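Please read the structure below before turning to the comments.
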Amino acid sequence: MGAAEPLIVIENLRVEFAQDGQRAIALRGVDISLYKNEVHGLVGESGSGKTITAMSIVGLLPRQALKLLSGSIRYEGRELLSRSEEELRSYRGSKIAMIFQEPAKYLNPAFTVGEQIRETIREHMGLDRSQANARARELLALVGLGNDGRVLAAYPHELSSGMKQRAMIAIAISCNPDFLIADEPTTSLDVTLQAQILKLLRTLKDMKKMGVLFISHDLSVIKEIADRVSVIYAGKIVESTSVTRLFGHPMHPYTRLLLMSIPDARRKGRRLAAIAGQVLDARADPQGCVFAPRCPMARDLCFKESPTFIAHEQDHMSACHFAEEAWKL
Amino acid sequence: MEALIQCRNVVKVHRGRGLDGVTRGFKAVDDVSFFIEKSGNFGLVGESGCGKTTLARAILYLDPPTSGKVFFDGVELGGLRPRQLRAFRRRMQIVFQDPHSSLDPRMTVYDSLSEGLINIGMERAARTKKINRLLDLVGISSAQSSRFPHEFSTGQRQRIVIARALTMDPEFLVLDEPVSNLDVSIQAQVINLLLDIKEELKLTYLFISHDINLVAYVCDRIAVMYRGKIVEEASTEELFSNPKNEYTRTLLASVPGGGFGRSGATAADIVRDESIKHTARHVVSDTTSRTGNEPDMREEPR
């Protein structure tokens, strides 16, 4: 895993929007390296910049509101940020595909599932109608929707939400992308369905050796599916390491507190760690650490100087002046 | 122990006329019986659409049950006249999942909390005192009571909804997915708050959630609901250490990251096992242990 060249490298990505005449900072320096055949979890609260990160990779940021986009996103060494819309379109779908939280919103209610899969295949792979049809059938079987063509002829409203998400996944992987971005794909599903979709994503990843960026607010889901995790807070990656290390020995106080705030039946009766205060306002641009105002460990230095995102131990990056002390919290 | 809430064979049928003009019924709650002790903390868990909320609404007589009886503090609610029922309403309240839609956007927090108190004819001074005390209890500064809901974050709004539910000094609170819309760190704040006020005000909870892990953390007893029926009911320890029902086991195994089902087994492992068992019947089924006769696409295609 570690030895190979990363497929996608994001460096110091900064995104700002104009909001009611004011500057809102969505991302304040995101660094992530994404590899093939690896599930990279991106975890953070709502508004922390998870989806903006994903949208930057596929070049789908709302252009009107965008004020600043700096840093770099390289795909196999080539810069994506300077590409034209035309060039990006050939990437999307064929090289990088994406699935979302609410499949119902992204499937067109007026077309059958079959038509929607065929559209993508024909656009990117240049197959004729019958080839596309055969491929669509194959894909539906792959995602567990049967191969008798029943779902192929169904409209989205005829499917349950779990089936819709499977159909979305079928469309996403239809052109054999190297990379799949899954933005909270199981959040609106019941736990039993969630377990099945997670399993399906893992199987597909193993089968196709895809890289996956799995976005979630739920640390337990991340623990279930990811190989590596980045924790994002207020538009900044604060910690990044393997799943085992993150859960075993967190090196950022935010991660540590998040882990302690998950209700666990086995720790019944013990008070949950609640992180005091509110998430940093997007308009604020503090000099020091973004988490300092809510951090129980914060000292003078934390308010004065922003910690750099560096490796504190082998393969364990953290942006905290006192990373070594975080696990004691 | 005395029961505050008792349900006996509660059934709720939703009726509707289809396009063909034929009226059909759908049994959303099917013969449910259980009781909740005074100051108990009772959890109701199950997937979406299994009838959790319908059952809660039937218990509160917001949508009276089609058949069966609900007793509140020993009194059968079905036998009451509307006026008498209203007196009981005061003693039971409900908190919904989405605080955005359960607060009136055009009313200030103070006005929202006043409504019930005005109805019972409380004087302004006493009202203000009470509202300030409740806001303080849920951790909202009383100086903010003249603000509108949009000026608060989701977590704060849910606190306000909880404060509003408490204005009538209820004994029984139904919490219908109260933290499902909240972020993890905020979720923890609200759970802590709910457990604190339960202790302080000696409340009885019916806690509804799809998240068995959360329900287990909060509640002492758990009922597992599946397709309108309660398939298993036990104390939390009992349910986790010795789940008897197949569906309960699937649910426990589906908890991500943990795997309560068997030692060391992850959700994926168990689901795989389950699906092997069921593949013969459910080719395109999404829920592993679906067995009923629901006439939709989820059933086996022939």
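The values are calculated or read from the model by the stated rules, or taken from the named source; none is laboratory data. Here the structure is a predicted model, which means the values were calculated and not measured. Heads up, the Cβs are rebuilt from the backbone with ideal geometry, glycines too, and the neighbour counts pull from every protein chain shown.
Within the stretch A:261-300, take every residue that is away from chain B (no Cβ under 12 Å), among the small types (G, A, S) and part of a loop (DSSP other than H, G, I, E, B) and give me the one that is farthest from the chain's Cα centre (by Cα).
Only one residue fits best here, namely A:A298.
So which helices (runs of 4 or more DSSP H) are wholly in the stretch B:49-138 and hold at least 3 residues that are closer than 18 Å to B:I208 by Cβ?
Ranges flagged: B:52-59, B:99-102.
Within the stretch A:136-149, can you find the residues that are buried (at least 18 other Cβ atoms within 10 Å of the Cβ) and in a helix (DSSP H, G or I)?
A:A136, A:R137, A:L139, A:L140, A:L142
Return only the number of the condition from (1) within 14 Å of chain B (Cβ to nearest Cβ); (2) touching a Lys or Arg at 6+ places or on another chain (Cβ under 6 Å) that A:H316 does not satisfy.
Of (1) within 14 Å of chain B (Cβ to nearest Cβ); (2) touching a Lys or Arg at 6+ places or on another chain (Cβ under 6 Å), only one is false for A:H316: (1).
Show the residue pairs that are 6+ apart or on different chains and have beta-carbon atoms under 8 Å apart, the first residue being within the stretch B:82-100 and within 20 Å of B:E171 (Cβ to Cβ), the second being of a type in the set (V, I, T) and surrounded by 17 or more Cβ atoms within 10 Å (Cβ to Cβ).
Pairs that qualify, where the first residue is within 20 Å of B:E171 (Cβ to Cβ) and the partner is of a type in the set (V, I, T) and surrounded by 17 or more Cβ atoms within 10 Å (Cβ to Cβ), are B:M92/B:V174; B:Q93/B:V174; B:I94/B:V174; B:V95/B:V161; B:V95/B:I162; B:V95/B:V174; B:F96/B:V161.
Within the stretch A:108-124, is there a residue that is on the phi < 0 side of the Ramachandran plot, surrounded by fewer than 15 Cβ atoms within 10 Å (Cβ to Cβ) and either of a type in the set (A, V, I, L, M, F, W, C) or within 14 Å of another protein chain (Cβ to nearest Cβ) (or both)?
There is at least one residue in the stretch A:108-124 that is on the phi < 0 side of the Ramachandran plot, surrounded by fewer than 15 Cβ atoms within 10 Å (Cβ to Cβ) and either of a type in the set (A, V, I, L, M, F, W, C) or within 14 Å of another protein chain (Cβ to nearest Cβ) (or both).
Given the structure, is A:S161 within 14 Å of another protein chain (Cβ to nearest Cβ) and within 28 Å of A:S56 (Cα to Cα)?
Considered against the rule, which asks whether it is within 14 Å of another protein chain (Cβ to nearest Cβ) and within 28 Å of A:S56 (Cα to Cα), A:S161 comes out as yes.
Between A:R14, A:R23, which is farther than 26 Å from A:P185 by Cα and in the same structural domain as A:K236 (by TED's automatic domain parsing)?
Being farther than 26 Å from A:P185 by Cα and in the same structural domain as A:K236 (by TED's automatic domain parsing) holds for just one of A:R14, A:R23, which is A:R23.
Listed here are the residues, each with its yes/no results for (1) among the aliphatic types (A, V, I, L, M); (2) closer than 17 Å to A:L34 by Cα; (3) at pLDDT 85 or above.
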position	(1), (2), (3)
A:I57	yes, yes, yes
A:R63	no, no, no
A:I73	yes, yes, yes
A:G77	no, yes, yes
A:L81	yes, yes, yes
A:K105	no, no, no
A:A110	yes, no, yes
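Inside the stretch A:222-248, can you point out the residues that are touching a His at 6+ places or on another chain (Cβ under 8 Å) and assigned to a loop (DSSP other than H, G, I, E, B)?
If the condition is that a residue be touching a His at 6+ places or on another chain (Cβ under 8 Å) and assigned to a loop (DSSP other than H, G, I, E, B), then A:A226, A:D227 are the ones that fit.
Against the conditions (1) in contact with a strand residue (DSSP E or B) (Cβ under 6 Å, 6 or more places away or on another chain); (2) more than 15 Å from A:V243 (Cβ to Cβ), where does A:F214 fall short? Just the number, please.
Evaluating A:F214 over (1) in contact with a strand residue (DSSP E or B) (Cβ under 6 Å, 6 or more places away or on another chain); (2) more than 15 Å from A:V243 (Cβ to Cβ) leaves (2) as the failure.
Does A:L258 satisfy the condition of being part of a helix (DSSP H, G or I) and over 23 Å from B:L182 (Cβ atoms)?
no
For a quick check of your reading of the model, give me the residue pairs whose first member lies in the stretch B:201-213 and is over 15 Å from B:V174 (Cβ atoms), whose second is crowded, with 20+ Cβ neighbours inside 10 Å and β-branched (V, I, T), with beta-carbon atoms closer than 6 Å and at least 6 apart or on different chains.
B:I212/B:V45; B:N213/B:V255
Considering only the stretch B:175-182, I want to know if a residue exists there that is polar (S, T, N, Q) and either part of a loop (DSSP other than H, G, I, E, B) or touching a strand residue (DSSP E or B) at 6+ places or on another chain (Cβ under 8 Å) (or both).
Yes, the conditions are met somewhere in the stretch B:175-182.
Checking the condition among the hydroxyl-bearing types (S, T, Y), in the same structural domain as A:D190 (by TED's automatic domain parsing) and outside any loop (DSSP other than H, G, I, E, B), which residue from A:S72, A:S82, A:S130, A:S48 passes?
Criteria check complete, one pass: A:S72.
Test A:S261 against the stated conditions and say whether it is hydroxyl-bearing (S, T, Y), under 28 Å from B:S153 (Cα atoms) and touching a residue at least 12 places away in the same chain (Cβ under 8 Å).
Taking the combined requirement at face value, the residue satisfies it.
As an exercise: evaluate A:A319 against (1) modelled with pLDDT of 90 or more; (2) closer than 23 Å to A:L27 by Cα; (3) surrounded by fewer than 20 Cβ atoms within 10 Å (Cβ to Cβ) and give the number of the one condition it does not meet.
(3)
Just to verify a result, which residue in the stretch A:180-220, among those that are part of a loop (DSSP other than H, G, I, E, B) and either within 7 Å of chain B (Cβ to nearest Cβ) or charged (D, E, K, R) (or both), is surrounded by the fewest Cβ atoms within 10 Å (Cβ to Cβ)?
Among those residues, the one meeting the criterion is A:K209.
What's the total number of residues in the stretch A:221-253 that are within 9 Å of another protein chain (Cβ to nearest Cβ), crowded, with 24+ Cβ neighbours inside 10 Å and not aliphatic (A, V, I, L, M)?
Final tally of qualifying residues: 1.
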